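Structure first, commentary second.
The values are calculated or read from the model by the stated rules, or taken from the named source; none is laboratory data. Source: prediction; values computed, not measured. When we count neighbours, we look across all protein chains shown, and the Cβ atoms used for this are built from the backbone with ideal geometry, even at glycine. Areas reflect the complete protein model, heavy atoms only, side chains present, ligands, DNA and RNA absent. Shrake-Rupley method; radii C 1.70, N 1.55, O 1.52, S 1.80 Å.
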Amino acid sequence: AAPFPARPGGPLGGPPPTRPGRRQHAMASSSSSAPAPWAPPRGLAPEKCFLPRTIDFVLATASSSSSSGPGHDAGENGAAADPTVPAYYLYPRDRLLGLCSQRTPRQVGRGLRNAGNTCFFNSVLQVLLHTQPLQSFLLSGEHCAGCQANGDGSFCALCLFEGHGREALDIGKAPVHPKALLKRLKELGGRGMHLGRQQDAHEFLRHFLDACHRSALRPVKEKNGEVPLAVQRTTLVHQLFGGYLRSQVLCLVCHNESNTFDPFLDLSLEVKNAPTLEKALEGFMRSEKLTGKNSYRCKRCVTLVEATKRFVIHKTPPLMTFQLKRFDYTQGFRGKIIKNVAFGTSLDLSRFTSTPESEAKYRLYAVIVHSGHSARSGHYFAFARHASGTWYQFDDEDVKVVAEQTVLRQQAYLLFYELESAMVPQAVPASSSSAKAPSVAASNGSASLNGLNGTSVAASNGSASLNGLNGTSVAASNG
């Protein structure tokens, strides 16, 4: 099964998003009745509803690096092997390091025509196209050169994206009409996406990256059969955008620690009471006491006990994406939190990680803004930083240079950061490289790199996002 199961419904509508994982732990079953199913507001198509997305931390024995799925228990006091380390990498680590360390100036793409309420689509494409390692990958042509879909005419998100990149980055002033991608909107953005309708940029981003991930993974599965989930999360998309969260529960009676891990592709942060990005991160990582009806069943005590639970970033990706949850469903129908949430051009994540002594410094390279007063309407536009340090604004057909302070004054919806130091990805223990990868076509980026360390990747969380199973707040655009 693909690591991102299709999420029913579309990006609009739904109950108030809640921070996932905060109450998901081993507890005694409760007899409380389930809440009534949410019904869409009057005037909204029922098919646009979506289920709240949450993380399910599945406890399992971390006996090998090729464990079967996300959410592995690291054992008592975290002594077991790290289950997030893959046995081998699908996209070769030497090529990834080459993409991340290139210092050639990024090209600036042309504007994109609005085909009717497609500003959400255009904003996401512009940010991804101006993500340095992804742009280098697209311009290299390495995927299309060996992709089977290029010959048999089957659908391939990476082939479509590569073709769009070549056109949009070609020298010229006329805006580009991304019609080839728009024709495949449902395959790229999820079944809930409809051309001409209001959609959410964050929702489209998650589905689009998933489509690119599945396109890279499909030929590997066809050739080699089932691929371990930890290895599936080593496609280029996941090695660039994906990291792992660690959820640690500490029993206050016997002081036993239980660690579980879950992958993410971005983190969704509550901003209602947070004046800055760092304060929002502190709120996400804050320790929570489990007591009363929320008590934790300790495996060592074999009873319900009081405990504390907190999240930290276990592995940081080369590219870190944050969604600021501006759409507050508790304040009437699709109310928006219209406030400044300060963010900087640099961000040090080390204190939010499992190894605070390690360096984890990032720099801002792109921002997506939703302009409007509710999730029902509005307009999206994007900013991206060129390698020279110049910032550009991408507003559908219009592309212009802006000052850095203009970017920092925005009420951001999505923030994109890249690792400093030439974006060298985080290393993992070299012992994980001992397993040999199955033989696969070079165009799929599969290889066994026994001498290279790697970043683990992939996934989800509602206050983090993946698997299409996260509690994202949803914004729509009128284009």
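At-a-glance table
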| quantity | calculated |
| --- | --- |
| Residues that are under 23 Å from Phe352 (Cβ atoms) and of a type in the set (Asp, Glu), drawn from region 295-311 | none |
| Candidates Val85, Val127, Val108, filtered to the one that is over 19 Å from Gln239 (Cα atoms) and either of a type in the set (A, V, I, L, M) or open to solvent by 40 Å² or more (accessible area, probe 1.4 Å) (or both) | Val108 |
| Selection count where residues are in a helix (DSSP H, G or I), open to solvent by less than 10 Å² (accessible area, probe 1.4 Å) and either among the aromatic types (Phe, Trp, Tyr) or closer than 20 Å to Arg376 by Cα (or both), scope region 186-211 | 7 |
| Meets criteria (at pLDDT 95 or above and open to solvent by 40 Å² or more (accessible area, probe 1.4 Å)) for Arg286 | no |
| Selection within region 144-177 - at pLDDT 90 or above and part of a helix (DSSP H, G or I) | Ala157, Leu158, Cys159, Leu160, Phe161, Glu162, Gly163, His164, Gly165, Arg166, Glu167, Ala168 |
| Condition met for Ala174 (over 27 Å from Leu217 (Cβ atoms) and surrounded by fewer than 18 Cβ atoms within 10 Å (Cβ to Cβ)) | yes |
| Residue check, Arg184 charged (D, E, K, R), at pLDDT 85 or above and farther than 16 Å from Gln126 by Cα | yes |
| Residue check, Gln126 under 24 Å from Ala375 (Cβ atoms) and part of a loop (DSSP other than H, G, I, E, B) | no |
| Within region 314-357, tally of residues that are aliphatic (A, V, I, L, M), at pLDDT below 95 and assigned to a strand (DSSP E or B) | 0 |
| Residue within region 262-283 that is open to solvent by less than 40 Å² (accessible area, probe 1.4 Å) and farther than 30 Å from Leu128 by Cβ present | no |
| Breaking point among (1) surrounded by fewer than 22 Cβ atoms within 10 Å (Cβ to Cβ); (2) closer than 21 Å to His238 by Cβ, for Gln132 | (1) |
